[in-house]
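In what follows, a single structure is set out as structure tokens and then discussed.
The values are calculated or read from the model by the stated rules, or taken from the named source; none is laboratory data. Nothing here was measured: the structure is a model prediction, and the numbers come from that model. Cβ placement follows ideal geometry from the backbone for every residue including glycine, while neighbour counts extend to all protein chains displayed.
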Amino acid sequence: MARTTQEQTQERHAFLLDLFRQQPDISSKEALESFKDKFGGTINMKTFNQLREQAEDEVASAAAAAPAPAPAPEVEAEPEAEETEATGDDAASRLKAAAAAPEAINGAAGAPAKKAKAKGNGPKNIFVDAPKEHLTFLEGIIQQFQEAGAANIRIDHATDRWMVVVVDSK
């Protein structure tokens, strides 16, 4: 098998990035088939997922950078809240995607999240390793649970990169 040069690798990555930017709803199977048709080979799935995520991030940031209609003068503090909500919505869609296909996110995002076992008594610690916006979204969800009366879930410790969630069994 011939080795690919750095230029060939960059060309292949650029092809996939363009494909994902132009057709954000393309399935993985279709994208891999297009790649195989163009280059006659396959690509590492980790690299494939990283390129897809990069293209999605670029599309999302471009959409966020698009000018929004001017707000009424009396509502000057709300544009910041709208930006936060847009980031939260983006994080929400990513978390939903992660729940649907955890192996895809784990391959691209580094260390997988450790899940608590359902056996035994006492508190269960769940270690979550994710980007800051995902952790912020998860923190908001946990706060909503607590406000709704769930006294058995709390954040034990958190940084910008990870968080430990404690769930007390009832």
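Got a number for residues in the range 1-15 being of a type in the set (Ser, Thr, Tyr) and in a helix (DSSP H, G or I)?
Total meeting the criteria: 1.
So in the range 16-52, with the set limited to residues that are of a type in the set (Asp, Glu) and in a helix (DSSP H, G or I), which one is surrounded by the fewest Cβ atoms within 10 Å (Cβ to Cβ)?
Checking each candidate, the answer is Asp37.
Of these, Gln54, Gln10, which one is farther than 30 Å from Glu139 by Cβ and at pLDDT 55 or above?
After applying the criteria, what remains is Gln10.
Okay, residues lined up against (1) modelled with pLDDT under 90; (2) of a type outside the set (Ser, Thr, Tyr); (3) surrounded by 14 or more Cβ atoms within 10 Å (Cβ to Cβ):
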| position | (1), (2), (3) |
| --- | --- |
| Phe137 | no, yes, yes |
| Gly140 | no, yes, no |
| Gln144 | no, yes, no |
| Ala151 | yes, yes, no |
| Asp156 | yes, yes, no |
| Thr159 | yes, no, no |
| Trp162 | yes, yes, yes |
| Val167 | yes, yes, yes |
| Lys170 | yes, yes, no |
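Every residue in the range 115-135 that is modelled with pLDDT of 85 or more and either within 25 Å of Ser61 (Cα to Cα) or in contact with a Ser or Thr (Cβ under 9 Å, 6 or more places away or on another chain) (or both), please.
Within the range 115-135, Lys124, Val128, Asp129, Ala130, Pro131, Lys132, Glu133, His134, Leu135 qualify.
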